[in-house]
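The values are calculated or read from the model by the stated rules, or taken from the named source; none is laboratory data. Values in this document were obtained by computation on a predicted structure and should not be read as measured data. Methodologically, a virtual Cβ is constructed for each residue, glycine included, from the backbone with ideal geometry; neighbour enumeration extends over all protein chains shown. Heavy atoms of the whole protein, side chains included, go into the accessibility calculation; ligands, DNA and RNA do not. Shrake-Rupley method; radii C 1.70, N 1.55, O 1.52, S 1.80 Å.
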Amino acid sequence: YCDIEAMSYSAELDPEMEQTWNWSEVCASQPEILRYIEHMTDKHQLRDNIHFKQRATKCEFSEDDNQWTVTTDNGDQFTSRILILGTGALSATNKPHLPGLERFKGDVYYSSIWPQHPLDFSNKRVALIGTGSTGVQCIPKIAEMAQHLTVYQRTPQYVVPLRNHKLEAEVAQKIKDNYATVRECNKESGSGLDIEQNEKKFDEMSHDEFERELWARWQKGGFRILGICGDFVSNADADLRVANFIRDRIRERVKDTKVADRLCPSVHQLYACKRPLMDTNYFETYNRDNVELVSVSTDCGPGGRYPDKEPGTPITRVTSSGIRTSDGLERACDVLIFATGFDALSGSFLRLDIRGREGVTLQESWKDGPQTYLGLQTVGFPNMFSIVGPQSPSVLSNMWPAIEQQVHWIGDLLVNMREKQHMTVEPTENAQRDWVKFNDEYAPDTTFKSPACFCWYHGSNIEGKRRNFLPSLMGLGEYTKKCNEVVVQNYDGFSFQKIKHAINK
């Protein structure tokens, strides 16, 4: 399930489809979202413009004719003056290296590249590594099917109920009747969705008022806890109150006290610095007789990042028939699932061989972390644009309006270039340097930028990846205003090169 409500996690481009498409649940499942996208694709006759079953491997800019050449894994080449990288903020699969994995005789799956055909885990012993957003959703479903499920957990997670349910027709119609207003409010907000933001700051709320607000938001579910007070992501005391509250709920939901302790995040773990996780019966799953939880963290125990937590038993190797941990135990499995997420934001760009002016690679340009202006372009890579990439709100917002905002902005820029007979556009060095600095220094007091925050927003889940806070903390509404200001100031911060003859397309 997508944990953003479907009426908001959908496209604005087709007003007719907004009114005729009926979502079955408040938060839609993957199959329903796929049907929605396929219907939109067919309605707007987009399939002829898409090359399926090919993967771009190289993108190279030629200064002789100001053209990009894209090469695919089957040897096809495509040339264009404009290169737009819609490669996805969460699409580069994280495949951890485990010794012996190549010798495992069972089936191996990655949650991020899941097979399109249904999988049957009945009578199977399943091992699942990872308890992030996908793991939290997969574990209850797999436990219902599998003979036995062993979950290997590195870091305990704060998880709140999704509270998904059937979308009542009258509720949907009320939104449809006011869709334009709903969309506009979402775009003006920081997150791109309605989290019922309370403007009162934490210190302006009494203890009992905060507690009532917390319980009300817990009962409603979803992202609403993030809106509990106006300064939540920058107030450590508010974060602590919510973290303690969630730990109490975990202990209520899990019967075995030792398992509950293992599932409870450390008192040194911040709540609001990570991507919030939503569940349906995640913690209750550990009450099942066919489910075992194994802590494999190297950060727990005396001298570790989380000294209040029980030391884990890290995975030492995969054998032909199971997984062995540092305590010498080997747990047999027939299926191994990696729910280990992505090399987020920058990963999908850096895994491509992208070469700009003078053959400089994007890897070289970004060796100290992403270098962009507005998260849209990089110096030395003319006419190359990125969608929901690093240093834009991206994963900190509802992706649909975030994508649409950037697509419209880029489209308007290309129209402007055609009208003014510009051949190329790229940022100035000063504009890029200032934008990188601005994002590095923006909102330093938030939990996101705390030294105690370790998550994929920083690249902490990828071994050897330089620690950078990758998305922009501006929020979608403020970021949109900034992009519009740049346009009003005649695309301030961008450098254009004129062409010698007219281009009509």
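Between I139, I129, I195, the distinction of being in contact with a Phe, Trp or Tyr (Cβ under 6 Å, 6 or more places away or on another chain) and crowded, with 21+ Cβ neighbours inside 10 Å belongs to I129 only.
Does T134 qualify as being crowded, with 20+ Cβ neighbours inside 10 Å, under 20 Å from F342 (Cβ atoms) and of a type outside the set (K, R)? Yes, satisfied.
In this structure, does F469 turn out to be within 19 Å of T378 (Cα to Cα), modelled with pLDDT of 95 or more and not small (G, A, S)? No: the conditions fail for F469.
Of all positions in region 168-191, none carries a residue that is within 15 Å of E284 (Cα to Cα), among the hydrophobic types (A, V, I, L, M, F, W, C), modelled with pLDDT of 95 or more and open to solvent by less than 80 Å² (accessible area, probe 1.4 Å). Could you say which residue among D343, D334, D327 is open to solvent by 20 Å² or more (accessible area, probe 1.4 Å), acidic (D, E) and closer than 30 Å to L470 by Cα? Being open to solvent by 20 Å² or more (accessible area, probe 1.4 Å), acidic (D, E) and closer than 30 Å to L470 by Cα holds for just one of D343, D334, D327, which is D343.
For region 175-209, residues that are part of a helix (DSSP H, G or I), within 25 Å of the chain's Cα centre (by Cα) and β-branched (V, I, T) total 1.
The rows are residues; the columns are (1) open to solvent by 30 Å² or more (accessible area, probe 1.4 Å); (2) closer than 26 Å to G130 by Cα; (3) more than 27 Å from the chain's Cα centre (by Cα).
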{"site": "V415", "(1), (2), (3)": "yes, no, yes"}
{"site": "Q421", "(1), (2), (3)": "yes, no, yes"}
{"site": "N439", "(1), (2), (3)": "no, no, no"}
{"site": "C455", "(1), (2), (3)": "no, yes, no"}
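Restricting attention to region 315-365, the residues that are closer than 24 Å to R275 by Cα and assigned to a loop (DSSP other than H, G, I, E, B) add up to 8. For region 94-120, the set of residues classified as assigned to a helix (DSSP H, G or I) and out of contact with any helix residue (DSSP H, G or I) (no Cβ under 9 Å at 6 or more places or on another chain) consists of L101, E102, R103, I113, listed by residue number. Scanning region 89-111 for residues that are polar (S, T, N, Q) and either over 19 Å from the mean Cα position of the chain (by Cα) or open to solvent by less than 40 Å² (accessible area, probe 1.4 Å) (or both) turns up T93, N94, S111.
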